[in-house]
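A.B. asks: Have a look at the structure that comes next, please.
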Amino acid sequence: MLRKCLILLPLLLLGALADEKDVLDLTDSTFDSELERHENTLVMFYAPWCGHCKRLKPEYAKAAELLIDSEPSITLAKVDCTEGGKETCNKFSVNGYPTLKIFERNEFRSDYNGPREASGIVKYMKSQVGPASKELTSEDAHKTFLETDEVTVIGYFEKDDSPLSAAYHTVSKKLREKVRFGHTSQKELLDKLSHKNTIVLYRPKLLQNKFEDNSVVYKGSDSISDVNEFITKNYHGIAGIRTRDNAQEFKNPLVVAYYSVDYAKNPKGTNYWRNRIIKVAKDFPAYLFAVASKDDFQHELNDFGIDYAKGDKPVVLARDAQNKKYVLKEEFSMDTFETFLKDLQAGALEPYLKSEPIPDSNAGNVKVAVAKNFDEVVNDNGKDTLIEFYAPWCGHCKKLAPVFDELGEKLADEDIEIVKFDATANDVPAPYEVHGFPTLFWAPKDAKDSPVKYEGGRELDDFVKYIAKHSTDELKGYDRKGKAVKPRTDEL
């Protein structure tokens, strides 16, 4: 048994090494000389014990493999900051792992701010090297350029120094990380395609359907803003493919269908549902539509009270312009989807509100707010209010809890409300924005629509001084500097 293990171990190690065979392994002594040999290099500075690095490595290795024949040349490399690359990591101020940087030969060019999965790395790096738009000098080059699974934009210009061409190239530089651009002034090609002095957005064969045009021709002016708007408006089509990397591009009002979206393993099944979404969505231009992998966006399903989306059919969720949330409660069909959209557009749907139950008793000195009683406990209480948005698992929140309790007791007789709100179990109401825990806001009784983020200290005395200074009416037990005052004789 031991012999088998000893034989198997080297084979396993060899397999692990083979996975990264296309990634350059750099050290302090080889860093400059190796980079000088390569036109463009993405370098990952890592630590072997780093969990994020371990997750990135297989994607990084796959990207390196995909970029082997790239033009211009793109190489992927790595530096172990705990061993042979310590000095290099210090030189480039690496203080977190993994850190990725782009080099032109051995000159640092920019930090890498792109995706962390293989196809995204490839697309991002191709957008970073060479011209933003590829010149297509022949019909064959044009045909080959369109043989892709990506949305592609091509500019057709009789003169490459025309005003429209100049605007196009400016936009291509601006959007190069997201969009694949090409351009041509080849006369025979322009004559054959009947595209002269215009721009065309092409949808890849993978995403083509009978409900929208496979290509869209630009009919605007020579202005940069018009060209930019044409591309960004049409890029995703009627129902875009929403991923973790591009999620922020999809703005409200937004309707998303979540299911097993996987164009790599199941393009036919993915398009089966996407086409049904598009067929209905095309009649509701006031909304932006997308399809998304339910596995990649489980956290969004959770925000709508869905712990697990069972079955193959899409789960449809929506947010309106005010960010209110809506759920298609019936099983998906084109009929139920259309009815849902009509009711959504008519304002006939009840918004979904993620909320804990309203407490049976709320008599404590620190009031408990949940989404369903937030107006009652905070907005309509007629008092200046200090609100803590917390998470039950947060260590800083646990440390603050006894201080908050003491503060509530100390100000129990004042015209002040001390409130806590579990932001992990309840929807945070507008206009509050919570990005970490604990987050505290001060809401004056006459300005509840304009709360102020509390940035002060978190000791009892810090809170008392802040509230004493900012309270609408002077406190009974403290002056404006937060010093305790003796009660008046008529109060004894």
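The values are calculated or read from the model by the stated rules, or taken from the named source; none is laboratory data. Owing to the predicted nature of the structure, the values given are computational and were not obtained by experimental measurement. We place every Cβ from the backbone using ideal geometry, glycine too, and count neighbours over all the protein chains shown. Accessible surface is based on the protein model in full, side chains and every heavy atom, while ligands, DNA and RNA are left aside. Shrake-Rupley method; radii C 1.70, N 1.55, O 1.52, S 1.80 Å.
A.B. asks: Assigning unit charges at the beta carbon (Lys, Arg +1; Asp, Glu -1) and nothing else, what dipole magnitude in debye, to the nearest 20, does the chain show about its Cα centre?
C.D. replies: Result for the chain is approximately 880 debye, rounded to the nearest 20.
A.B. asks: What is the gain in length, in nm to one decimal, between PHE108 and PHE211 on full extension, counting 0.36 nm per residue of separation less the C-alpha to C-alpha distance?
C.D. replies: Using 0.36 nm per residue and subtracting the Cα-Cα distance, I get 32.4 nm.
A.B. asks: Measuring with a 1.4 Å probe in the full set of protein chains, what accessible area per residue, in whole Å², belongs to segment 308-445?
C.D. replies: For segment 308-445, the solvent-accessible area averages 53 Å² per residue.
A.B. asks: Please enumerate, by chain and number, the lysines with C-alpha under 23 Å from the C-alpha of LYS78, excluding those fewer than 8 residues away in the same chain.
C.D. replies: Qualifying lysines at Cα under 23 Å: LYS21, LYS54, LYS57, LYS62, LYS86, LYS91, LYS101, LYS123, LYS126.
A.B. asks: Divide, for the chain, the radius of gyration over alpha carbons by 2.2 N^0.38 Å, where N is the residue count.
C.D. replies: Against the compact-globule rule of thumb, the ratio is 1.26.
A.B. asks: I'm a student and want to see the number: the projected area of the Cα convex hull of segment 142-197, averaged over all directions, in nm².
C.D. replies: Directional mean of the projected Cα hull area for segment 142-197 stands at 3.9 nm².
A.B. asks: Of all DSSP beta bridges in the chain, what percent run antiparallel (nearest 5)?
C.D. replies: So the antiparallel bridges amount to about 45 percent of the total.
A.B. asks: Expressed in nm to one decimal, what extension gain is obtained for the pair GLU474 and ALA401 from 0.36 nm per residue of sequence separation less their Cα-Cα distance?
C.D. replies: Contour length minus the Cα-Cα distance gives 23.7 nm.
A.B. asks: Calculate one ³J(HN,Hα) per residue across segment 251-260 by plugging θ = phi - 60° into the Karplus curve 6.51 cos²θ - 1.76 cosθ + 1.60, and present them in order as whole Hz with x for glycine and proline.
C.D. replies: 3J(HN,Hα) across segment 251-260, in whole Hz: 9, 6, x, 10, 10, 10, 9, 9, 7, 7.
A.B. asks: LYS86 to LYS453: extension gain in nm, 0.36 nm per residue of separation minus the Cα-Cα distance?
C.D. replies: Full-extension gain reported as 128.0 nm.
A.B. asks: Moving on to the next point. Once you put a point 7 Å from the Cα of LYS481 and another 7 Å from the Cα of ASP69, both along the Cβ direction, what distance in nm separates them?
C.D. replies: Result for the modelled spin labels: 7.9 nm.
A.B. asks: Positive end of the charge dipole of segment 334-425 (Lys, Arg +1 and Asp, Glu -1 on Cβ, about the Cα centre): tell me which of TRP393, MET334, SER361 has its Cα farthest that way.
C.D. replies: Toward the positive end, the furthest listed residue is TRP393.
A.B. asks: Same structure, new question: Counting heavy atoms of the protein chains only and a 1.4 Å probe, report the per residue accessible area for segment 69-197 as a whole number of Å².
C.D. replies: Result: 52 Å² per residue.
A.B. asks: Between segment 316-349 and segment 150-213, what is the C-alpha centre distance in whole Å?
C.D. replies: Taking the Cα centre of each part, segment 316-349 and segment 150-213 sit 36 Å apart.
A.B. asks: Which shape class, rounded, prolate or oblate, goes with segment 351-412 when its Cα gyration tensor gives a ≥ b ≥ c as root eigenvalues, a/c under 1.5 marks rounded, and past that a/b bigger than b/c marks prolate?
C.D. replies: Taking the square roots of the gyration eigenvalues as a ≥ b ≥ c, segment 351-412 is oblate.
A.B. asks: With only alpha-carbon atoms counted, please give the Rg and Dmax of segment 76-219, in Å.
C.D. replies: Spelled out, the Cα radius of gyration and Dmax of segment 76-219 are 19.3, 60 Å.
A.B. asks: Which three semi-axes in whole Å describe the equivalent ellipsoid of segment 22-62, each the square root of 5 times a Cα gyration tensor eigenvalue, listed largest first?
C.D. replies: Equivalent-ellipsoid dimensions as semi-axes: 21, 13, 7 Å.
A.B. asks: A further question follows. Would you grab the residues whose amide H sits under 5 Å from the one on LEU24? Only those 5+ places off in sequence or on another chain, please, with H modelled 1.01 Å from N.
C.D. replies: Long-range HN contacts for LEU24: LEU76, ALA77, LYS78.
A.B. asks: Taking one equal scatterer on every alpha-carbon of segment 134-269, how large is log10 of I(q)/I(0) by Debye at q = 0.12, 0.17 1/Å?
C.D. replies: At q = 0.12, 0.17 Å⁻¹ the computed log10 ratios are -0.51, -0.97.
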